[in-house]
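Bear in mind these aren't lab numbers, they're just calculated from the coordinates by the rules spelled out. Computed from a predicted structure; not experimentally measured.
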Amino acid sequence: MEFMAKVPYVDRHISALCMMELVQGCLNKEELKSVKKFIRENISQVVHPDERISEKAIHLLEKHAMPDGLRTVDALIAASALINGATLATANYKHFKSIPTLDVIKFRGR
């Protein structure tokens, strides 16, 4: 992932919800081991939802759920990035494109 090389290690964060989605997508224990190793070696901090993130996610859902199809987990992931002033790197750009204040970097998944 070229774009990660441009981001200093201390600025590489992952939402706990993203981690859960990655774990859920693993097809076997080897994939799980690989995901955990990647996160351990490349991510400096796990961001857990708190009250501020939850409140922001509710606001995003109120604004974007009906017209744009924003889902709960994606709202929490977007809120985590917004509250922390972070850029969201995702292969699922379509899930976040309706949030104009969210800085998003698109990349291709595997």
Principal axis box of region 9-106, alpha-carbon based, largest edge first, Å
39, 29, 26
Could you pull out every one of the aspartates and glutamates with an alpha carbon less than 15 Å from that of Lys36, ignoring same-chain neighbours closer than 8 positions?
Glu21
When we measure straight from the Cα of Lys94, which lysines land under 23 angstrom away, once same-chain ones fewer than 8 places off are left out?
Lys56, Lys63, Lys106
